[in-house]
Amino acid sequence: MKLSAFGEKFSRHSGIVEVMDDLGAALSENPEMIFMGGGNPGRVKEVEAIFQQQLETVMNDPAQRHSLFGIYQAPQGDLDFRKQVAGFLSKQCGWKLSAHNIAVSNGSQPAFFALYNMFAGTMSDGAHNHIHLPLTPEYLGYADIGLSEDFFTATRPTIDLLDDKLFKYRVDFSTLELTAETGAMCVSRPTNPTGNILTDDEISHLDDIAKRHDIPFIIDGAYGAPFPNIMFTQSTPHWNENTILTLSLSKLGLPGVRTGIIVAREEIIEAYCNVNAIISLASSSLGPALAKELFKSGEIVSLARDYVTPFYQQRSTQTVQWFQQAMGDLPYRIHKPEGAIFLWLWLEGLPISSQQLYQNLKAKGVLVVPGQNFFIGMDDSWRHKHECIRVSYAQDAEMVKEGVDIIAEEVRRAYQNA
């Protein structure tokens, strides 16, 4: 079989393929596997009950049921949903938005595929532009999304060593450099994989840099404010005419409905929707149907505040304590958990690669994600990128505790056998 350059690039093995393959195997082939790898959200019964009620309401209304199943939505998504989202964000955050500033995507991943390739890669004038990541590690799902090679550049972070075996990455503004070939700059907030939340000052500084270079500043808010608000420290949501903010219903508990939300100035939304019409035809109806009334009433805020955030904050605190007990005097640190649904472990001087540790743990029935795939746009010269793993704490608490103990045992074995 002879493949095109596109076919070869997008059919080859990659970090995100490995994560999703593991997810499929854990769900179907080996349900006993302790799944601490991918980004599946936890099950919060109160949230499930709310969405069940919304679904029953839709199904009991013939007009809504027909709209859900029987018609194509526009490439920009259901108009009423977009109006409700715009109204909610305007009221909640003080942003001047209308439905023309909102687009619906079939999940965040297709949204980033379109957005990144709109601003980087081979340009109409023949230049080759890049997406710059000012704080790595970053979400591994970005890594292979470009239609061309050498798609990303990145700035290595500084590292603050904190008490209680914690640490924190910070943007190193002293070395952050953009060029004429920088097409856009992107951060996730909270950061996937580390749970880092860039401060308001960091966001403001990055926004100023993007404006000076006349490039978009993209913020991936899949875990962030104002929803699902899986954030454990105070921070202010950010958007302006130069910002593209992406949001998602997945971490509220709806990953299966594949609904992303893009907030941007009108010309960017229009361009995105033209791309979306070509690659997706239309946007999904199910997510907007389930969430529309929650945005209209503002209940989306209380749902996150009362159920989603407390669930993950309690689980995060507990899992850190379990690791501190299990790891003992091993040379480890945990990135200060400020949000999202993961812990990021730094195993300093790890005598094997994080990829090998991942394989060893998989053989023991525990799935994690090796860290090197998250250092996008960086070469292999920094040993640190091979000393980290991402661990999800979203699943059943007893399984997470068991997984922590197995991880600690396997890490200890790696150091002892060196």
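Values in this text are rule-based calculations from the coordinates and carry no lab data. Everything quoted here is computed from the prediction, not taken from an experiment. For neighbour counting, all protein chains shown are included, and Cβ atoms are generated from backbone atoms with ideal geometry for every residue, glycine included.
For a quick check: sort 185, 1, 327 by the number of other beta carbons within 10 angstrom, fewest at the front.
Ranking 185, 1, 327 by Cβ neighbours within 10 Å, fewest first, gives 1, 327, 185.
Out of 367, 397, 273, whose Cα points farthest toward the positive end of the dipole of the chain (charges: +1 Lys, Arg; -1 Asp, Glu; placed on Cβ)?
Selected residue: 397.
Using r as the Cβ-Cβ distance of residue 92 and residue 398, and R0 as 41 Å, what FRET efficiency do you calculate, to the nearest 0.05? List each step's numbers first, then the result.
Details: r = 37 Å, r/R0 = 0.89.
E(calc), rounded to 0.05, equals 0.65.
So what is the 222 nm mean residue ellipticity for the chain from helices alone, if each DSSP H run of at least 4 adds -39500 (n - 2.57) and you divide by all residues, rounding to the nearest 500 deg cm²/dmol?
Helix-only estimate at 222 nm: -12000 deg cm²/dmol.
So, with +1 on the Cβ of K and R and -1 on the Cβ of D and E, and no other charges, what is the size of the charge dipole of the range 188-328 about its Cα centre, to the nearest 20 debye?
Computed about the Cα centre, the dipole is about 540 debye.
Identify, among 284, 178, 411, the residue whose Cα sits farthest towards the positive end of the charge dipole of the chain, taking +1 on the Cβ of Lys and Arg and -1 on the Cβ of Asp and Glu, with the dipole about the Cα centre.
Of the candidates, 284 comes out farthest on the positive side.
To the nearest 20 debye, what charge dipole does the range 73-299 have about its Cα centre, counting +1 at the Cβ of each Lys and Arg and -1 at the Cβ of each Asp and Glu?
Approximately 760 debye in magnitude.
Report the label-to-label distance for residue 234 and residue 57 in nanometres (one decimal), using points 7 Å from each Cα along the Cα→Cβ vector.
So the two model labels end up 3.3 nm from each other.
In the Gaussian network model of the chain, springs joining C-alpha atoms below 10 Å, which of 45, 165, 336 carries the largest mean-square fluctuation?
Highest fluctuation among the options: 45.
Pick from 114, 277, 222: which residue has the top mean-square fluctuation in a GNM of the chain where Cα pairs under 10 Å get a spring?
277
In what sequence do 238, 130 fall when counting other Cβ within 10 Å, fewest first? Show your work: numbers first, answer last.
Values: 238 21, 130 24.
Ascending number of Cβ neighbours within 10 Å: 238, 130.
So what is the relative contact order of the chain, in percent, for Cα pairs below 8 Å that sit 6 or more residues apart?
Dividing the mean separation by the residue count of the chain yields 23 percent.
GNM, the chain, Cα, under 10 Å: largest mean-square fluctuation among 323, 35, 342?
It is 323.
Where nothing but the Cβ of Lys and Arg (+1) and of Asp and Glu (-1) is charged, how large is the charge dipole of the chain around its Cα centre, in debye to the nearest 20?
In debye, rounded to 20, the chain gives about 460.
Sequence gap at least 6, Cα distance under 8 Å: using those rules, report the relative contact order of the range 85-232 to the nearest whole percent.
19
For the chain, compute Rh as the Kirkwood radius over C-alpha pairs and then the Stokes-Einstein diffusion coefficient at 37 °C and 0.692 mPa s; write the answer in µm²/s, rounded to an integer.
Roughly 149 µm²/s, to the nearest whole number.
Report the full-extension gain for the segment residue 302 to residue 212: residue separation times 0.36 nm, less the Cα-Cα distance, to one decimal in nm. Don't skip to the answer; put the middle values down first.
On the way: separation 90, 0.36 × 90 = 32.40 nm, distance 3.76 nm.
Here the answer is 28.6 nm.
When a/c is below 1.5 the answer is rounded, else prolate if a/b is larger than b/c, else oblate, so apply that to the range 73-299 with a ≥ b ≥ c taken from the square roots of the Cα gyration tensor eigenvalues.
The shape class here is oblate.
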